[in-house]
1. Being outside any helix (DSSP H, G or I) and modelled with pLDDT of 80 or more is the filter; apply it to the range A:1-43 and report the residue that is farthest from the other protein chains (Cβ to nearest Cβ).
2. If A:Leu197 passes every condition in (1) more than 25 Å from A:Leu121 (Cα to Cα); (2) at pLDDT below 90; (3) more than 8 Å from chain B (Cβ to nearest Cβ) but one, which one does it miss?
3. Which of the residues belonging to the range B:207-226 are touching an Asp or Glu at 6+ places or on another chain (Cβ under 7 Å) and among the small types (Gly, Ala, Ser)?
4. Can you name every residue in the range A:30-48 that is more than 24 Å from the chain's Cα centre (by Cα) and of a type outside the set (Gly, Ala, Ser)?
5. How many residues are aliphatic (A, V, I, L, M), closer than 17 Å to A:Gly190 by Cβ and at the interface with chain B (Cβ under 9 Å from one of its Cβ atoms) when one looks only at the range A:73-120?
6. From B:Gly46, B:Gly92, grab the single residue that is at positive phi and either out of contact with any Asp or Glu (no Cβ under 8 Å at 6 or more places or on another chain) or at pLDDT 90 or above (or both).
7. Of the numbered conditions (1) open to solvent by 30 Å² or more (accessible area, probe 1.4 Å); (2) at the interface with chain B (Cβ under 10 Å from one of its Cβ atoms), A:Lys181 satisfies every one except a single condition; which is it?
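The values are calculated or read from the model by the stated rules, or taken from the named source; none is laboratory data. Note that the coordinates shown come from a computational prediction; the quantities given were computed from them, not determined experimentally. Note that each Cβ is placed from the backbone with ideal geometry, even for glycine, and that neighbours are counted across all protein chains shown. We work out accessible area using only protein heavy atoms, side chains counted, and drop any ligands, DNA or RNA first. Shrake-Rupley method; radii C 1.70, N 1.55, O 1.52, S 1.80 Å.
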Amino acid sequence: MHGKIKLSGALFAVAIVIYVGNVLGILFTVILNSLSKGWYSGLLPKFLTGEWYQYVSADHDIPNLLMVTFTVAIVDVLLSLLIAFPAAYALARNEFRGKGLLLSLFMLPMIVPPMAYGIPLAMLCYKFHLAARITGVILVNLVPIVPFMILVLMPFIEQVGTNLESAAKMLGASRLTIFRKILIPLTLPGMLTAGILSLVKAISMFDLTYLVAGGKSQTIVVALYADAYAAGARPPQSVDALAVIYFLIAMVSLVVALKFVSPTQMVFKLK
Amino acid sequence: MRGSARSGAFILLIPAIVFIVLLFVYPFAYGLYLSLTTADGAFSLGNYIRFFTDGRDLRTIWTTLSIAVPITFINVGLAVPFAYYMRRGVRGERIITFFLIVPITLGTVLVSEGMLSYMGPNGWLNQLLIALHLAKDPVRFTHNYLGVVISLGLQGFPYAFLMLLGYVSGISPDLEKASQMLGASRIQTFWKVLFPLMVPGIAISFCLNFVMAFSVFPSAVLLGQPSGPTRVIAIASYQWAFEKFNFNAASAISMIMAAIELLVISIVLVWRSRMYRGVSVVGKG
């Protein structure tokens, strides 16, 4: 019995080491390659250089890429909070016919992948002249974020009992006062969690942005994909340099997020 | 009073309903309409007939399934024992889950880009394999089927695992204790008590993993051979839309893609309803 536990523990440890080793290998290769010169073989590059970062900043309008990436992510998070919070409140507090159906409709964009609905959505953006504009990029990225927010917010609202609200109502508080003085403060942790989780997701959103963005409305992931796709048009190290810039942004947002939430909250859970 | 509460709830739902109708239902309906018409707007099944008679496009279904099905089974199949092992927590859980969430957060594009160098012929992985005498010549991990599958594994496994971990740690430990007190072995406890309770989690993570793998796009382009062996269905749809500018044909392919995904999801949900009866999850279920 005891031996068995040890064997499974050992297997577990080996698998984790292999997995973590490969993830670290991928990340360190990108970082080292972006700093290297003439690294064609061997364990480590022979010379280190910062020239690929200069190359990439001449090649791309990096400040604009960062600006677009953050604008899209932040505006999307705020907009989806505005849409998702009232909906999550109504769904958490009311029972009505067709609620299950409505919930499934809201969850559908999380199950149907972007590539399936993204192409008709992108065509509509072209039709209404929203494509290749930051407005279009913001709009399409709302599709996966709003459902995710509703899902994250609902349990937080359910946790706030109705007693406080009823008490406030009996004492003569208006709906607005109840909302401002009770609901907002008590659900603030939920909004924070939902906002941070969505922000991390929004920074790395690729598929929909790629189908709609163009020119000045590219986010950093889309620029990275375009560079990697046109491999050969520029030195591979410069692609890695752009990858490192993206990596730093995504990692900082992840590390900040993990101060507030646990990794299991990052993937959603359906009952 | 009841009436006013209800209309209040409805008002709160309006923004979300407008959002879902405008940005999800309408585009989908528009795609369906486009797929059933010609460029002039006349009704036609031609886009579907073209897809099913064009060998190169039809083959994308098989290509995509041959990538998505195996890796989904591998990801979920590995995630179940790992989640089971970690159900009561292990040492270093925070750091382990951190490394699992990293590839999900970074996204396919960065992982693919990194894999190109790391798993390339002169990359660290091949240097290691050769140094350990596990391989004589560099193994080809990139620009082929294997590359796409590995990238889907690196992203799909943590997704399935973290999801199942949420489920399995929500199962009350009392059930396990009760089963063991009644004389069941560890294996019996797993198959008769824990596994049936994990079925809903397994079903949903299987669905999501499959759907993610079936609509694989960036890594099939960057890590595969998008002209042939890894020309997945999403690539076909993209090419019709943005290279040949035939939105009708592209929409038909998108609809076929969604239909296959819904078909697989319904098969999995039928399996789930046969395996899983009643809710006995206690705590944070």
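1. A:Lys37
2. If we test A:Leu197 against (1) more than 25 Å from A:Leu121 (Cα to Cα); (2) at pLDDT below 90; (3) more than 8 Å from chain B (Cβ to nearest Cβ), just (1) comes out false.
3. Residues satisfying the conditions do not exist here.
4. To start, the set of residues in the range A:30-48 that are more than 24 Å from the chain's Cα centre (by Cα) comprises A:32-48.
Within the range A:30-48, A:Leu32, A:Asn33, A:Leu35, A:Lys37, A:Trp39, A:Tyr40, A:Leu43, A:Leu44, A:Pro45, A:Lys46, A:Phe47, A:Leu48 qualify.
5. Narrowing the range A:73-120 to residues aliphatic (A, V, I, L, M): A:73-75, A:77-79, A:81-84, A:87-88, A:90-92, A:101-103, A:105, A:107-108, A:110-112, A:115-116, A:119.
In the following step, the residues that additionally are closer than 17 Å to A:Gly190 by Cβ were identified as A:77-78, A:81-84, A:87-88, A:90-92.
Of the ones still in play, those that are also at the interface with chain B (Cβ under 9 Å from one of its Cβ atoms) are A:82-84, A:87-88, A:90-91.
Count: 7.
6. On the way: B:Gly46 fails: at positive phi.
B:Gly92 is the lone residue from the list that is at positive phi and either out of contact with any Asp or Glu (no Cβ under 8 Å at 6 or more places or on another chain) or at pLDDT 90 or above (or both).
7. Failed condition: (2).
Quick grid of which residues meet (1) open to solvent by 50 Å² or more (accessible area, probe 1.4 Å); (2) of a type in the set (Phe, Trp, Tyr):
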position: B:Phe19; (1), (2): no, yes
position: B:Pro27; (1), (2): no, no
position: B:Tyr33; (1), (2): yes, yes
position: B:Asn47; (1), (2): no, no
